[in-house]
Structures are given as structure tokens and as C-alpha cells.
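Values quoted throughout were computed directly from the atomic coordinates according to the rules given, and no laboratory measurement underlies them. Everything quoted here is computed from the prediction, not taken from an experiment. Note that we place each Cβ from the backbone using ideal geometry, even for glycine, and neighbour counts take in every protein chain shown.
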Amino acid sequence: MFEIANSSPFFELMHSEEPLLVQNIEVVNDNKINMDISYHNPKKFILELNNLLKSTIFFVETAMKNSPDWLRNSVKDFRESNIDEYEILKNLRNTSAHQSLVFPNESLSMGLYRVQSEIEYKQKIGIGDHEKPGKYSWDLAFKNTNDLFHDVLVFQSIAFMDLEHSALWECLGITRRWFFHVKFKNRDTTFDEVIDVYKLICNFSTKLLDQVCNDYAKLKDLKFSQNFHAELPECNFVNTILEIDLYPSLFCKWWEIEVEPLNFGILATINEANQFHWINSFHTNAYDNLMKNSDEYISQLESIIKLEPKEIYTEEHALKVFSFIKLNHWHVKSAFNASLMDTPVDIGDIMRIQRLGKIFMDEYAKKKQCTISSSYQSFRSHLQAVHKNLTSALNGTKTVG
């Protein structure tokens, strides 16, 4: 469920000392990412916005209670340095938790954009107001941004674009922003203003995580380089959808270069689809290449035992080794033409191949040499024991590994 603890030696150490803190960091970060992904789907965005409000304020409140001094002081200092933002977000959280969902208003700005980089665009010509929410007809309000394209960009298309979009890296697009009118007062301050609620919660939550991690790094004399916060330009790969994002193949044809979508939410959707197709392809390929007999199974054991860790990740070996680790139970059933209860490979050994192999792959992903070596040695030693038991069993003299 929680993955950030395995993402780097830094978070691995933090998790060993403060597991609840690492879990709360991951929840806040995941909520923020999910909000970015859903940015142009109003219904999902509103739900993710409310989730992030709750998890961020919960993070602050939890850190202020029953926490180590360094964490309590870190969060306290951050809160005091951003007290107005904190009070606004806390009020929104209370509204979301006890009254109703925080339901922001939208603004739409549309027109001709020039792509400056993978994350930054410049609006050259457009209509709409970036600075305040707008009022839109029922057939346009709170629709998914990609569903609006050919409804609201007809004039811009006729006025600004030739059919083949001959100007390189220029195309039409829509920028969306989310606003909320906060109106309340506490003991010290009266708040009555329209805020960019997305920008406020993103800046507060990501800078909060960075401060906590940097303070922990100072405490442990470590270096923290995985910043959560990133400044985004006015029109960017989160709040703007371009024509390139919706039909990149046409731009490949028009511009005669490789063009891929840039929008964060669309890229996330594509990545999820690619993962599905990879998993489907991996299992199909593995099934078509299962070990056909005991000799093949033993040969694969011997082959992996001889490999060094870096050799496993070469094109020659990677898929075969991953298949052997993840789907060892399939290979056993195929190689010995029997149920798991009737094969000479013990079920416990199969499960340990899968578990120790997965641990090795997780450690390899961290690029931490000492744990790569130790985890691979555990994996290799188990394969050697399985090989010894299996060859002895097939020769009629099974020994204990």
C-alpha cells in the first residue's frame, strides 16, 4: 500500500524511525498527485481537492501532538510562517468535514498557445480571465475540459489557425483555474477574499512536506533532494490542455516530428493504460514460454545462479528472470505436469523464490549497492538450495537444503 518508504535510502531511514510520519507524507503527496491528474475533470477534481484539504490539515494537527520535538517544531514553524494560508485551509477543511464539500468556481481561458517547454506554455492570443471565476452557460459549466474543445474554440480555429497548423509548436488550448470565495473570521483576522484554491493548497502542502523532510535531513546530517514543491508558470502542463494532448498523431503528420501529449493528467492516463498492456503482454509472453520439462526448469535455475545482479537487467535476461520470479508457480506446474502438491519443488520454496526475488528487485530499484548485494545473495542462496533438493529428488535421493 505504502511505497514511498522504498523509494530511497532517505525515506527508508525515516520510515524505520517514524513510520506514521512517512505514511502521512505519502497520503498528502498522493492526494496532491491525484488532484493534478483529475484537474480537468471537475467532479473528480472537487473530490480530490477535499481529500487533500483533509489530509494536509490532519498532517499538521497530528504532527503537533505526540510527536518528536524536531517534528513538532518543524511543523509549528511552518504553520506560523504561513498562518493566513493555514487558517484559510483549516476553515475549508472544517467546511468539508462537517458541512459540505468545498465546491470551487472555475475560470476558463482559451486561445492560441506556444509551447515553451514540456511544462510551460505562453498564451499568445485568447479570451477569458485568469484572475477570477467566470459564469458559463449550463452546457459549458463544469464539463470536462477535453469535451469543451470543439464547442468553445471554433472562432479561434477559424481566426488564428490554418488547417494543418503550420507554425511549429503552436496550437489551440484551454486553461482552467479553480477559485473559492472564503469569508470567515477568527479571533485575530477577518477573511473575505477570492483565492486560487488549487494554488493555495498545492503550495502549502508541498512546501510543508519539503520543510519536514529538510529538517529531518539536518537532524540526521543527510541530504534531501526529492523536493515535493515545484513552481509552475501561469499556463502549464497541469492547468492547460492543448490540441497536442488530444490528437498528437495529427501533429506528427503536420510537423513531421515525434509529438506526444504533454498534459499531466493525460500522461497519467496513458501510463496507466500502458501498464495494463504491459502486464497483459508480460503474462501472455510468460505463458507462451513456460518451462516445458524438468530439464528446462533446472537449466533456468542454473542460469540465474550464475548471473550477477546487473546482468539480470540486460535485455538478454530480464524478461526470463522476471517471469521465473513472479510466475514460478506457473513454471513449476508446466515443467512437472502436475499440481503443486505433486511436484518435487516444495510450495514453500516457490513462495520464497517469489518473495526473495521481489525483495532483490525492490532493492535494485533503490540503487543501494550494499542491500543489492545482500538481497541478491539471499535470493541466489535459496535458488542453490532449491536446485540441490530438486536434482536430488529427481535422482531419487532427496536431501534437505
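Normalized C-alpha radius of gyration of the stretch 161-265, against 2.2 N^0.38 Å? Could you put the intermediate results ahead of the total?
Numbers: Rg = 20.5 Å, N = 105, 2.2 N^0.38 = 12.9 Å.
In units of the globular-protein estimate, the stretch 161-265 measures up at 1.59.
Between the DSSP loop rule and a limit of at most 16 other Cβ atoms within 10 Å, which trypsin sites (Lys or Arg not before Pro) in the stretch 305-401 are left? Intermediate values should be presented prior to the final figure.
Working: sites: Lys306, Lys310, Lys320, Lys326, Lys333, Arg352, Arg355, Lys358, Lys366, Lys367, Lys368, Arg380, Lys388, Lys398; in loops: Lys367, Lys368, Lys398.
Loop-located and lightly packed - Lys367, Lys368, Lys398.
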Simple label model, 7 Å out from Cα along Cβ direction - Leu222 to Gln23, nm: 1.9 nm
Sequence of Ile195, Ile353 once ranked by neighbouring C-beta atoms within 10 Å, starting from the fewest: Ile195, Ile353
The chain: angle of helix 369-394 to the longest principal axis, Cα-based, in degrees nearest 10: 40 degrees
Set of aspartates and glutamates with alpha-carbon distance to Lys143 below 16 Å, sequence-local pairs under 8 removed: Glu106, Asp151
Extension gain, His317 back to Asp288 (0.36 nm per residue minus Cα-Cα distance, nm): 8.8 nm
HN-Hα J in Hz across the stretch 285-290 - Karplus 6.51, -1.76, 1.60, θ = phi - 60°, x for Gly and Pro: 4, 5, 5, 6, 10, 5
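Net charge near His130: determine it from the other residues with C-beta under 11 Å of the C-beta of His130, scoring Lys and Arg +1 and Asp and Glu -1. All intermediate terms of the calculation are to be shown ahead of the outcome.
On the way: positive: Lys132, Arg176, Arg177; negative: Asp129, Glu131, Asp196, Glu234.
After counting each charged neighbour, the total is -1.
If you stretched the chain out fully between His98 and Ser7, how much longer would it get, using 0.36 nm times the residue separation minus the C-alpha to C-alpha distance? Kindly include the intermediate steps, with their values, before the conclusion.
On the way: separation 91, 0.36 × 91 = 32.76 nm, distance 3.54 nm.
Extending this stretch completely gives an extra 29.2 nm.
Near Ile347, within a Cβ-to-Cβ distance under 13 Å, what is the net charge of the other residues, with Lys and Arg +1 and Asp and Glu -1?
Working: positive: Lys333, Arg352, Arg355; negative: Asp342, Asp346, Asp349.
Summing Lys and Arg as +1 and Asp and Glu as -1 gives 0.
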Flagged links, alpha-carbon separation over 22 Å, of Lys207/Lys368; Lys54/Lys132; Lys44/Lys135; Lys32/Lys124; Lys306/Lys326; Lys90/Lys207: Lys207/Lys368; Lys54/Lys132; Lys32/Lys124
Computed label-point distance, nm, for sites Phe276 and Asp295 using a 7 Å Cα→Cβ extension: 4.3 nm
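What are the chymotrypsin sites (Phe, Trp or Tyr not before Pro) within the stretch 294-401 that DSSP puts in a loop, where the Cβ has at most 16 other Cβ atoms within 10 Å? Show your work: numbers first, answer last.
On the way: sites: Tyr297, Tyr313, Phe322, Phe324, Trp330, Phe336, Phe360, Tyr364, Tyr376, Phe379; in loops: Tyr313.
Loop-located and lightly packed - Tyr313.
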Within the stretch 214-242: backbone nitrogen closer than 20 Å to the Glu118 label point (7 Å, Cα to C-beta): 225-242
Top of Asp188, Asp346, Asp129 by mean-square fluctuation, Gaussian network on the chain, Cα under 10 Å: Asp188
q = 0.07 Å⁻¹: log10 I(q)/I(0) that the Debye formula gives for the chain, counting C-alpha atoms only: -0.50
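List the relative contact order of the chain as a percent without decimals, with contacts defined as Cα pairs under 8 Å and 6+ residues apart. Don't skip to the end; give the middle numbers.
On the way: 478 pairs, mean separation 54.1, N = 401.
Relative contact order, the chain: 13 percent.
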Rounded to the nearest 20 debye, dipole of the stretch 289-394 from Cβ charges on Lys, Arg, Asp, Glu: 360 debye
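I'd like the trypsin sites (Lys or Arg not before Pro) in the stretch 125-181 restricted to DSSP loop residues with at most 12 other Cβ atoms within 10 Å, sorted by number.
On the way: sites: Lys135, Lys143, Arg176, Arg177; in loops: Lys135, Lys143.
Answer in residue order: Lys135.
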Two-site label geometry, His329 and Ile359: point separation in nm, points 7 Å out along Cα→Cβ: 2.0 nm
Residue-wise HN-Hα coupling along the stretch 321-336, computed from phi with Karplus coefficients 6.51, -1.76, 1.60 (Hz; x: Gly, Pro): 5, 4, 4, 5, 6, 6, 10, 4, 5, 5, 4, 5, 5, 6, 5, 10
Residue range of the chain that is longest and free of GluC sites (Glu not before Pro) which are both DSSP loop and sparsely packed (at most 15 other C-beta within 10 Å): 4-117
Length-normalised contact order for the stretch 327-374 - Cα pairs under 8 Å, 6+ apart - percent: 25 percent
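Quick check: net charge around Ala97, other residues with Cβ under 11 Å of its Cβ, Lys/Arg +1 and Asp/Glu -1? Let's see the in-between values first.
Values: positive: Lys54, Lys90, Arg93; negative: none.
Residues close to Ala97 contribute a combined charge of +3.
Which whole-number percent is the relative contact order of the stretch 289-394 (Cα, under 8 Å, 6+ apart)? Provide the component values of the computation, followed by the final result.
Working: 89 pairs, mean separation 33.5, N = 106.
In percent, rounded to a whole number, it is 32.
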Long-range HN-HN contacts of His130 with modeled amide H, under 5 Å: none
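If the viscosity is 0.890 mPa s and the temperature 25 °C, what Stokes-Einstein diffusion coefficient in µm²/s follows for the stretch 289-394 when Rh is the Kirkwood radius over Cα pairs? All intermediate terms of the calculation are to be shown ahead of the outcome.
Numbers: Rh = 13.9 Å.
The diffusion coefficient I find is 177 µm²/s.
If each residue's Cβ is checked for other Cβ atoms within 10 Å, how do His387, His277, His283 rank with the fewest at the top? Spell out each step's value before the answer.
Numbers: His387 17, His277 10, His283 14.
Going from least to most buried by this count: His277, His283, His387.
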Amide H partners (placed H, <5 Å) of Phe191, local residues excluded: Phe184, Lys185, Asn186
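Please arrange Tyr247, Tyr39 by counting, for each residue, the other beta carbons lying within 10 Å of its beta carbon, fewest first. Present the calculation step by step, with values, prior to reporting the outcome.
Values: Tyr247 14, Tyr39 24.
Fewest to most other Cβ atoms nearby, the residues stand as Tyr247, Tyr39.
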Most positive-pole-ward Cα, Ile305, Met361, His317, against dipole of the stretch 289-394 from beta carbon charges: Met361
